[in-house]
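Colleague: Just passing along the structure, written as structure tokens.
The values are calculated or read from the model by the stated rules, or taken from the named source; none is laboratory data. Source: prediction; values computed, not measured. Quick reminder, even Gly has a Cβ in these numbers, built from the backbone with ideal geometry, and neighbours come from all protein chains shown. Calculation scope for accessible area: heavy atoms of the full protein, side chains included, ligands and nucleic acids excluded. Shrake-Rupley method; radii C 1.70, N 1.55, O 1.52, S 1.80 Å.
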Amino acid sequence: MTRYRLTFPEPQYDGVRGHLLQGAREEVALLFAHEMTTAETTGLIVRRWEPVPPAMLLRQDEDAFVVDSQFIVSRVKQARGRGESILLAHSHPGERAAPRFSRADDRGEDDLYPLLQVRIPGRIHGAVVMSPGGQAARLRLPDGTRVPVEEVRVVGRRVQRCFGSSRDEQGGIDEARARQRLIWGARGQGMLRDATAGIVGAGGTGSVVAQQLIHLGIGRIIAIDPQVVAESNVSRIVGVRREDIDVTPKVAIVARTARAVDPDIDVRPIRGDVTQPEVLSALKAADVLFVCTDSHHSRAVVNALAVQYAIPLVDLGFLIDVEPETHKVISAVGEVRIVVPGGYCLSCAGVLDADRIKAEKASPEERAANPGYFTRLDVDDPAVITLNSTIASLAVTVGGDMLVPTMRPVSALDSYRYNAVKGLVANVQKHRQPACGICGDEGRAAMGATLPLPR
């Protein structure tokens, strides 16, 4: 059964809500959105919005409004050129509780929809109403069917999920997790149980991330990795056995761990590479993404997906530099980076190496023709499970707090650096680049299905 969802990047949501609820009279705004679908959901993601100025409101009362048709027509033409859907948003400032659409709202929407159906055909459009007590939304499908939005999602440094229908978020009686319920309560446990985590890379760090999410009681895991267990993985992948060497896919270890700890967790193991579009597409169903791969190419495509679909991303890795003769550790630094609306992306943060991406994308023939250029691809970096586990724990703590907020208020510009030699963890602020081709003003942000998935 299809679920209908409306997603706001947090900066857009805060702007719309601030405008609509600024006073005692109904205010109006137009939201411009792109379609986003998964195997289970259909909906829109808001990319930008525009207030309807007072001069364009022919009527503006406490419980009614009329927008100048010329203003609507001009914005419809603009949206059509950009491949956007339109939602009409307005306020019910007098409702203290979560709002409901009124008969007047129905009539206004019925007047607008024929114009949208003719000028921007074949697209989903919609309406939003906000009050001091919350919001409600509904969509108009291309055939004219009006459907209620079950979930309004606001994505920033944290994920707010507002459900339009009654829903059990209490988590039930779960004695196995009684101690952690003392931190976030039964409702928080239920929120975690209703969430889906995507894990890219099920090796040294990814296996620890998966193990911890399983013990926490996440509801669903999408685990992606193309490799089978190698002998060198035995010291670093949690849950591995000797008989897995050269036989068992790494993602199968994740599924086996979940069955042993909590068989009710739904694990989807995908043996593949996220540079394959059909594999990357599976991650659209995730509520949070953990990137645990050494590949810069894989990081780049998941980074673009996260920005395009407003899915929070937690990127983690550890780099150890060892003096080869003495085996003295020169440096050992792990970092956890986040990619969320309103913040930076991995491109902005300087994490992605363009030359490395080019090398990783090269064909076997190109590598053979340029052996000196591609030598670094075959060099193994030092790794140890203790440091992997440390940075993985920090990443799960950050990602878990996105879904079930328990820690201090945090910033979309945060990143976390662990210096193992000095024994220090620091919060390092990154900078967003407005001209970034991925998350910048003219980039992929909130473009949804309008753009093809990156490769």
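Colleague: Just name the residue that is farthest from the chain's Cα centre (by Cα) out of those in the range 139-168 that are buried (at least 20 other Cβ atoms within 10 Å of the Cβ), within 16 Å of PHE101 (Cα to Cα) and touching a residue at least 40 places away in the same chain (Cβ under 8 Å).
Modeller: Result: LEU139.
Colleague: Starting from residues that are touching a residue at least 24 places away in the same chain (Cβ under 8 Å) and open to solvent by 40 Å² or more (accessible area, probe 1.4 Å), keep the ones in the range 255-277 and report whichever is nearest to LEU305 (Cα to Cα).
Modeller: If we take residues in the range 255-277 being touching a residue at least 24 places away in the same chain (Cβ under 8 Å) and open to solvent by 40 Å² or more (accessible area, probe 1.4 Å), then PRO277 is nearest to LEU305 (Cα to Cα).
Colleague: Something else now. Hey, can you tell me all the residues within the range 337-357 that are without any contact (Cβ under 8 Å) to a residue 40 or more places away in the chain and either assigned to a loop (DSSP other than H, G, I, E, B) or among the aromatic types (Phe, Trp, Tyr) (or both)?
Modeller: Answer for the range 337-357, where residues must be without any contact (Cβ under 8 Å) to a residue 40 or more places away in the chain and either assigned to a loop (DSSP other than H, G, I, E, B) or among the aromatic types (Phe, Trp, Tyr) (or both): just GLY350.
Colleague: Which one is surrounded by the fewest Cβ atoms within 10 Å (Cβ to Cβ) among residues in the range 433-455 that are over 26 Å from GLU360 (Cα atoms) and touching a Gly at 6+ places or on another chain (Cβ under 6 Å)?
Modeller: PRO434
Colleague: Can you name the condition, by its number, that ALA252 falls short on among (1) in a helix (DSSP H, G or I); (2) open to solvent by 30 Å² or more (accessible area, probe 1.4 Å); (3) of a type outside the set (Lys, Arg); (4) under 24 Å from VAL351 (Cβ atoms)?
Modeller: (4)
Colleague: Looking at ALA383, ALA446, ALA368 in this structure, which one is closer than 21 Å to GLY342 by Cα and among the aliphatic types (A, V, I, L, M)?
Modeller: Unique residue meeting the criteria: ALA446.
Colleague: For residues that are open to solvent by 30 Å² or more (accessible area, probe 1.4 Å) and among the aromatic types (Phe, Trp, Tyr), scanning just the range 64-121, find the one that is nearest to LEU20 (Cα to Cα).
Modeller: PHE65
Colleague: Six or more apart or on different chains, Cβ under 7 Å: which pairs go from a residue in the range 313-326 that's closer than 15 Å to ILE385 by Cβ and at pLDDT 95 or above to one that's outside any strand (DSSP E or B) and small (Gly, Ala, Ser)? Could you list them?
Modeller: LEU316/ALA392; LEU316/ALA395
Colleague: Which residue, of ILE253, ILE221, ILE183, is in contact with a Ser or Thr (Cβ under 7 Å, 6 or more places away or on another chain) and at pLDDT 95 or above?
Modeller: When all the criteria are applied, what remains is ILE253.
Colleague: Output the residues belonging to the range 283-295 that are part of a helix (DSSP H, G or I) and open to solvent by less than 10 Å² (accessible area, probe 1.4 Å).
Modeller: LEU283
Colleague: Right, here's the next one. Determine whether ARG356 is open to solvent by 30 Å² or more (accessible area, probe 1.4 Å) and either within 20 Å of GLY206 (Cβ to Cβ) or of a type in the set (A, V, I, L, M, F, W, C) (or both).
Modeller: The answer is yes for ARG356.
Colleague: Another question, then. So LYS361 ticks every box in (1) crowded, with 18+ Cβ neighbours inside 10 Å; (2) modelled with pLDDT of 85 or more; (3) touching a helix residue (DSSP H, G or I) at 6+ places or on another chain (Cβ under 8 Å); (4) not β-branched (Val, Ile, Thr) but one. Which box is left unticked?
Modeller: (1)
Colleague: Can I ask one more? Give me the pairs, please: first residue somewhere in the range 415-429 and over 14 Å from ASP321 (Cα atoms) and of a type in the set (Gly, Ala, Ser), second residue anywhere and part of a strand (DSSP E or B) and open to solvent by 60 Å² or more (accessible area, probe 1.4 Å), beta-carbon distance under 9 Å, and either six or more positions apart or on two chains.
Modeller: SER415/ASN427; ALA426/ARG417
Colleague: Assess whether VAL425 counts as being of a type outside the set (Phe, Trp, Tyr), touching a Ser or Thr at 6+ places or on another chain (Cβ under 8 Å), at pLDDT 85 or above and outside any helix (DSSP H, G or I).
Modeller: no
Colleague: State which residue is least open to solvent (accessible area, probe 1.4 Å) when the search covers only the range 306-336 and only residues that are in a strand (DSSP E or B), farther than 16 Å from GLY206 by Cβ and of a type in the set (A, V, I, L, M).
Modeller: ALA332
Colleague: Please specify each residue of the range 11-53 satisfying the condition of being in a strand (DSSP E or B), under 20 Å from the mean Cα position of the chain (by Cα) and more than 18 Å from ALA446 (Cβ to Cβ).
Modeller: Result: no residue meets the conditions.
Colleague: Out of GLY437, GLY399, GLY443, I need the residue that is assigned to a helix (DSSP H, G or I) and within 22 Å of VAL302 (Cβ to Cβ). Which one?
Modeller: GLY399
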